[in-house]
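Everything on this sheet refers to the single structure shown next.
The values are calculated or read from the model by the stated rules, or taken from the named source; none is laboratory data. On a predicted model such as this, the values are computed, not experimentally measured, just so you know. Because the Cβ atoms are built from the backbone with ideal geometry, glycine has one as well, and the counts that use them run over all protein chains shown. The accessibility values were calculated without ligands, DNA or RNA, using every heavy atom of the protein model including side chains. Shrake-Rupley method; radii C 1.70, N 1.55, O 1.52, S 1.80 Å.
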Amino acid sequence: MRTPIVWAVGAIMTLASCGGSSTSGGPTEPVPTAAEVADTTTGDVESVSPSLRERMDAIDEAVAAWRSATSVEAARLAAETAANLVVGPNGPDYGDRNGDGLVSGESAVGVLPGLDGTPAGLATPLVTNPCVVHDVLGGAWTNPDAEWGAMLTAIDDWRSDNNTMPSLASHPMRIVGWATFTLRSDSLDEAHEYGGHAKLHVDVALRALDC
């Protein structure tokens, strides 16, 4: 039997191939109990949540659906999934990003810490890996609100002739940026282009795990 998150990503791939609208909420993961969620605030994240590698693999699948989407709606759904899987429920703009009434990419914890630092984020326990710090976290995260604020500013300042994404050290943050631009676009060609950018940053984050 396939796991819930694999089933849900498969649903997005089906939507991408037929160009229809989604009837599912996209990739989902087992929801921890209240006690387990509380544990994530103390840094014991991986004991109750998917590993960072599993999460990046799920994001990679969402980006693949995004890049191969046959409609703008399918691309937006997959982009929402990827962005939500990065930011988690306490990150900026988490939720129904495409306005279809559903939350695709639901998760109990993001790749990165929440706006107030909790949950800690799946990458946080891997701070002993310098590549994860450099490419995934993009820094020490002593002030999560400021880190997210820098991402939101870079997204707001982005233009087709002013690519601000390289200003973000965190490659998962750049995935959120390209997802946001996809959600704002009515062009399938642009969505595919933005998905291609997102794929590059998924690959960087995955390579960091083997550093």
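For the reader, a short list of remarks on this structure follows.
- Anisotropy class assigned to segment 137-211 is oblate, per the alpha carbon gyration tensor with a/c at or over the 1.5 cut-off and a/b no larger than b/c.
- Stretched out straight at 0.36 nm per residue, the stretch from ASP116 to LEU152 would grow longer than its current Cα-Cα span by 11.4 nm.
- Centroid-to-centroid separation of segment 113-147 and segment 184-211 [C-alpha atoms, Å]: 20
- Each of LEU102, ALA140, ALA150 was placed along the dipole of segment 40-193 (beta-carbon charges, centred on the mean Cα), and the one lying farthest toward the positive end is ALA140.
- Length added when fully stretched, THR128-ASP189, from 0.36 nm per residue minus Cα-Cα: 18.0 nm
- For TRP158, the accessible surface of its heavy atoms amounts to roughly 40 Å² (probe 1.4 Å, protein chains only, rounded to the nearest 10).
- Cα pair distances in segment 62-182, grouped into 10 Å bins until the bin that holds the longest one, percent each: 15, 44, 34, 7, 0
- ILE155 exposes around 10 Å² of accessible area when a 1.4 Å probe is run over every protein chain in place.
- A simple charge model with +1 on the Cβ of Lys and Arg, -1 on the Cβ of Asp and Glu and nothing else charged puts the dipole of segment 40-197 at about 220 debye relative to its Cα centre.
- Cα-centred dipole magnitude for segment 143-211, charges only on beta-carbon of K, R (+1) and D, E (-1), debye, nearest 20: 160
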